[in-house]
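> I'd like to ask you about the structure that follows.
The values are calculated or read from the model by the stated rules, or taken from the named source; none is laboratory data. Small disclaimer: the values here were computed from a predicted structure and weren't measured. Please note: Cβ atoms are built from the backbone with ideal geometry, for glycine as well, and neighbour counts cover all protein chains shown. With ligands, DNA and RNA removed, areas are computed over all heavy atoms of the protein, side chains included. Shrake-Rupley method; radii C 1.70, N 1.55, O 1.52, S 1.80 Å.
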Amino acid sequence: MKTSAQQLLFAEEPVALAPTRRHESLTFKANLSLGRHGWLRLTPAYSRHLVEEIVRPLGKRDRVLDPFCGAGTTALTCAEHGIRADTVDINPFLVWLANAKFTAYETSHIEEAKAFPSALRLAGSNGNLWHPPLHDIEKWWHPRDLHALSALFAAIKDAEVSQPARNLLISAFCRVAIETSAVSFGHQSMSFKPRNGEDGMVDMHGPANLKGLFIKRLHEVLDAARTPLDGSLAHAYLGDSRRLHEVLSGKYTRVITSPPYPNRMSYIRELRPYMYWLGYLSDGRQAGDLDWQAIGGTWGCATSNLTRWRPDPAAPIPFDGFLDMIGRIAQRSSILSQYVHKYFEDCVRHFRSLARVLAKGAAVHYIVGNSKFYDVMVHTELIYAQLLREHGFANVTVENIRKRNSKKELFEFVVSARFSTSSAR
Ligand SMILES: C[S@@+](CC[C@H](N)C(=O)[O-])C[C@H]1O[C@@H](n2cnc3c(N)ncnc32)[C@H](O)[C@@H]1O
């Protein structure tokens, strides 16, 4: 039974995709129990199942690209299936995480990491331990937990272990840091759990429990790290998907990806705690700058930068009715109209750049979500379909794969196409 959103869709020659799909099996939730995929939660990650459907028929000659790496789901799934894959992200923490997941760990790395907790003392360490310069850090962790986390982090930093072993320890640390925080991931982005308790905070763990939790999470990380994986197959690169040729060489035969949606979700906001602990951020200004570089970022100074942003006449959005849609959003909020306009201008830059790194005949699959600002629908999937046509792609199809749980008109789609330079306009 087709939904009304599906009736909007059109197909020329469909690129094969099995018509399965339903809800949880398509989101990050399905990854949490899947070995390396479950190391850290990234809310907008899609599931391994979705990638597997596309990857299964591929062979050794294929080279897959994911220009929006996130938690690395695409490239890790490819490597698990013996397929080569490269992935790019603008966020250095996500690049580190992905490469940690793609590593073939040797027994010696696992043994080093396994031995680490035996000498670990989190209680009674002296007062002046470093903790990240997060604004309002007392909203994140109870002081006792924060102190124990600081002691754990210092011990990991100082441990005499190899870098792969340290990466395993840091992965387990990140999980403990987020589990002991007062952050709730109950919806699309994060929020703080309500405060209670006499001093307004809940002491959730304390040093002994925190060490116990760390050991548990470390064992899970190590179990996943023991799974054999060819470490030469997947690589994550720090780069900008609007300038892919600067970091990639080679011609890719498939793209499987999920770019940010035009929905004002900030990855930096969600990832801040990890990024501050691991030294990828040291102040709020940097966080805002990084979000401004990301497509669809609106955190901190990214929002004020938007007020000064002006469309580039050399990068028009080739979609009938686009300016009318932007105008209707502007009637309610000029900053939101700037946001949507810039988002699609960045998509145009991405597709221009993508065309430089694809093999002729390459198939691409973009998982995207539509949005609604006030009463104005933004049909992201249809705009992507048109942008693909304009950038040398043919056989464009749009498939509605799931309803998102927030507003009733919001869906997720796979927009697929084949690269055929001859169709470039
Ligand atoms: C929806 S998430 C990808 C989720 C991924 N499919 C997964 O399963 O984890 C989009 C990603 O695009 C990244 N991103 C945003 N702007 C970018 C840019 N200009 N270049 C490269 N990556 C970018 C964000 O940092 C984020 O990790």
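> Please give the Cα centre distance for region 58-132 versus region 243-322, rounded to the nearest Å.
Using only Cα atoms, the two centres lie 22 Å from each other.
> Ok, one more. Considering only protein heavy atoms and a probe of 1.4 Å, how much of the accessible area of region 292-402 is carbon and sulfur, as a whole percent?
Values: 2020 of 3950 Å².
Carbon plus sulfur share of accessible area: 51 percent.
> Right, something else. On average, how much accessible surface per residue is there in region 231-382, in Å², for a 1.4 Å probe, leaving out ligands, DNA and RNA?
Per-residue value: 38 Å².
> Name the long-range amide H neighbours of G297: under 5 Å, sequence gap of 5 or more, or other chain; modelled H, no Pro or chain starts.
Answer set, sorted by chain and number: none.
> If every alpha-carbon in region 346-424 counts as one equal scatterer, what log10 I(q)/I(0) does Debye give at q = 0.14, 0.15, 0.25, 0.26 1/Å?
Those come out to -0.47, -0.53, -1.12, -1.18, one per q.
> So for each of 222-233, 305-316, 100-111, 76-87 I average, over its residues, the number of other beta carbons within 10 Å; can you give me the resulting order with the highest mean first?
Details: 222-233: 15.4, 305-316: 11.8, 100-111: 17.8, 76-87: 23.9.
Highest mean packing first, the order is 76-87, 100-111, 222-233, 305-316.
> I would also like to ask the following. Among K60/K403; K60/K360; K251/K372; K101/K139, which pairs are too far apart, with a Cα-Cα distance over 25 Å? Don't skip to the answer; put the middle values down first.
Details: K60/K403 34 Å; K60/K360 17 Å; K251/K372 36 Å; K101/K139 30 Å.
Listed pairs above 25 Å: K60/K403; K251/K372; K101/K139.
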